[in-house]
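In what follows, a single structure is set out as structure tokens and then discussed.
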Amino acid sequence: MYTLLGYLFAVITAGCWTQNSLIYTYLGKRIGSSTVTHMRTWIAFPAAVLLNLIFTGSIIPRNLFTISYLYIGASGLLGFFVADLFIFKAFQHNGARNTMVIMTLSPLFSAAFSWIIFKEVLSPFQITGVFITIGGVVAVILSENSNDGDKPSKIWTLFALTGAVVQAAGMILAKAGLTTEVKPLSANVVRIGFGLGGLILFSLLHRNFISDFTRMRTKRYFYLLTAAALVGPVFGMLLALYAFTWAPVGIVTTLMQLTPVLLLGIDVVYFHKKVPAAAAAGTLIAVAGAGILFLAR
């Protein structure tokens, strides 16, 4: 039952990333992706602390051993800071489509790391579901009309690949720190806090700390970023941490890659765009793969 719930939480997390990608794309074009990354964490951190206070009665996360702090903190530093820097640079120079294709490899890295570290072995049925789901997502991404123009650069493709590997490593570290005594609510506070620390240092070194705040003076930008921060790093990541507690990392990260499929649905329903045949086929394949993963629990 908990495994199935973990899979469901992973799919809902993909929905959270879908909302985030729309808002971050809009704001990134107006105030810069590094500013968006920095400012969203300032909003997410106090929200995560408040949730922890409400549900655990403590501002500071309790029942975390030193090793748990180190694992979860390193996870936040990798996920909210290092991985995002590589991924956003790849988005900027290689385009969204080329970068997202590389990012679909992240579940494979997660499954490999999980097998090495936690001895989590996926069944042939589960492995089939992972590859079918990833294949469907890639088909959806490649079917989109691309305005990126140039062929992807090797250096920025390497950036995307590095981001995928670092993101997978961050997920593995998060799972390593989630012992039975550690509540995901508390883990999320530590994770976002360490990520914020890295981003503060980065913005100070690049002398963007003050300017990042001044760029958020427009109320519309602030409200949109607040919505994204609450839905993504706070709610979405909290669900992901619960999912990692209950289900194999490789499957959870695969289901979290369904964002491009969900974005296609928004294009059809909200923007009334026509769906290419390849995209429709990719959606069916991805859904079929996700169905296999649910059945293979």
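No lab work stands behind these numbers, since they all come straight from the coordinates. If you're wondering where the values come from, they're calculated on a predicted model, not measured in any experiment. Note that each Cβ is placed from the backbone with ideal geometry, even for glycine, and that neighbours are counted across all protein chains shown.
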- Query: Scanning the chain for chymotrypsin sites (Phe, Trp or Tyr not before Pro) in DSSP loops with at most 13 other Cβ atoms within 10 Å, what's the longest stretch left with none?
  - Reply: 66-269
- Given a cut-off of 29 Å, name the pairs among 89/219; 29/154; 175/273 whose C-alpha atoms lie farther apart than that in the structure shown. 175/273
- Using a Gaussian network model of the chain with C-alpha springs under 10 Å, which one of 287, 190, 269 is most mobile by mean-square fluctuation? 269
- Query: How much mean residue ellipticity at 222 nm does the chain get from its helices, if each DSSP H run of length 4 or more adds -39500 (n - 2.57) and you divide by all residues, to the nearest 500 deg cm²/dmol?
  - Reply: -25000 deg cm²/dmol
- Message: Quick check for me: using +1 on Lys/Arg Cβ and -1 on Asp/Glu Cβ, what's the dipole size of the range 184-297 about its Cα centre, in debye to the nearest 20?
- Response: 340 debye
- Item | Cα-based shape type of the chain, given that a ≥ b ≥ c are square roots of the gyration tensor eigenvalues and the cut on a/c is 1.5 | oblate
